[in-house]
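**Q** Provided herewith is a single structure, encoded as structure tokens, for subsequent inquiry.
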Amino acid sequence: MKIPVYNMQGEQVREIELSPYIYEIEPNVSVMHQALVRQHANARLGTHSTKTRAEVARTGAKVWRQKGTGRARQGSRRAPHWVGGGVAFGPKPRKYTKDMPKKMRRLAIRSALATKAQAGKIVVVEDLAFETPRTKEMAAVLERLGIGGKSTVVLVGLGDDENVKRSAANLEDVKTLHWRYLNVRDLLGHEYLLMPVQAVEAIDALWGEKEA
């Protein structure tokens, strides 16, 4: 698969060949879904907690005597049906982490990249660099590339990208991401993927090798 390479002025300068092992495969939707569920689950802190009847700070005295009042017998103000009592079967701290085989994780990434490529949602630039951080310049570059105002992931991490990250920080629909941290959630959650040629080569080297 060949796609055009643009400069920061939005002009096509050449074409680049994408790895068929990554971008031309049949996307595996079920594996992408599993990877997305796993990523969301692993992001949960699991720190939710409620107090049981053994943990609430209330009197331990019997509410009223067992017999002779005409009312139902009550043993403790800490019981769940009393206001201020403990919570029955409430959440407690737990782990939500899910595991996934490495080959499946790699397939999920390749499937997400293939989905973007086959939909024409990958934009490659020769280079992406700014002398000083300026949001206006970043917005202008995106506009010239035809993705201005669109939900976009911009790959960085191949040099001095601090100015790029700071230029995109105030753009509502733009997220900068180190190319090594490319993930299914960000790929599927944004419409476009913008990456310099160096990022394409780095991704080919990392995810383009066939497993033994």
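The values are calculated or read from the model by the stated rules, or taken from the named source; none is laboratory data. Being a predicted model, the structure only gives us computed values, none of them experimental. Cβ: placed from backbone, ideal geometry, glycine included. Neighbour counts: every protein chain shown.
**Q** I'd like the residue in the stretch 136-171 that is among the β-branched types (Val, Ile, Thr) and farther than 17 Å from Gln198 by Cβ and, out of all such residues, is surrounded by the most Cβ atoms within 10 Å (Cβ to Cβ).
**A** Thr152
**Q** Take the stretch 8-63 and flag every residue that is of a type in the set (Asp, Glu) and either in a loop (DSSP other than H, G, I, E, B) or not assigned by TED's automatic domain parsing to the domain that holds Phe130 (or both).
**A** Narrowing the stretch 8-63 to residues of a type in the set (Asp, Glu): 11, 15, 17, 24, 26, 55.
Listed by number, the residues that qualify are Glu11, Glu24, Glu26, Glu55.
**Q** Moving to a separate point now. Do you know which of the residues in the stretch 84-102 that are over 19 Å from the mean Cα position of the chain (by Cα) and surrounded by 10 or more Cβ atoms within 10 Å (Cβ to Cβ) is nearest to Ala35 (Cα to Cα)? Can you show your working first?
**A** So the first thing to find is which residues in the stretch 84-102 are over 19 Å from the mean Cα position of the chain (by Cα), and the list is 84-94.
In the following step, the residues that additionally are surrounded by 10 or more Cβ atoms within 10 Å (Cβ to Cβ) were identified as 85-88, 90-92, 94.
Details: Gly85: 40, Gly86: 37, Val87: 34, Ala88: 33, Gly90: 29, Pro91: 25, Lys92: 26, Arg94: 20 Å.
Going through the qualifying residues, I end up with Arg94.
**Q** Let me ask something additional. So if I check each of Lys98, Lys92, which one is over 30 Å from Gly189 (Cα atoms) and in contact (Cβ under 8 Å) with a residue 12 or more places away in the chain?
**A** The conditions single out Lys92.
**Q** In the stretch 68-81, is there at least one residue being without any contact (Cβ under 8 Å) to a residue 40 or more places away in the chain, more than 30 Å from Ala205 (Cα to Cα), of a type in the set (S, T, N, Q) and surrounded by 13 or more Cβ atoms within 10 Å (Cβ to Cβ)?
**A** yes
**Q** Would you call Leu187 in contact with a Lys or Arg (Cβ under 7 Å, 6 or more places away or on another chain) and more than 25 Å from Val13 (Cα to Cα)?
**A** Numbers: in contact with a Lys or Arg (Cβ under 7 Å, 6 or more places away or on another chain): yes; more than 25 Å from Val13 (Cα to Cα): yes.
For Leu187, the condition - in contact with a Lys or Arg (Cβ under 7 Å, 6 or more places away or on another chain) and more than 25 Å from Val13 (Cα to Cα) - is met.
**Q** State yes or no: is Pro133 surrounded by fewer than 17 Cβ atoms within 10 Å (Cβ to Cβ) and in the same structural domain as Ala57 (by TED's automatic domain parsing)?
**A** Against the criterion (surrounded by fewer than 17 Cβ atoms within 10 Å (Cβ to Cβ) and in the same structural domain as Ala57 (by TED's automatic domain parsing)), Pro133 does not qualify.
**Q** Next question, about the same structure. So, in the stretch 1-55, exactly how many residues are of a type in the set (S, T, N, Q), under 30 Å from Phe130 (Cα atoms) and surrounded by fewer than 12 Cβ atoms within 10 Å (Cβ to Cβ)?
**A** Going through the stretch 1-55 one residue at a time, the tally reaches 2.
**Q** Continuing with the same structure: Specify which of the listed residues (Arg166, Arg180, Arg185) is within 21 Å of the chain's Cα centre (by Cα) and either under 20 Å from Glu201 (Cβ atoms) or not assigned by TED's automatic domain parsing to the domain that holds Ala117 (or both).
**A** Criteria check complete, one pass: Arg180.
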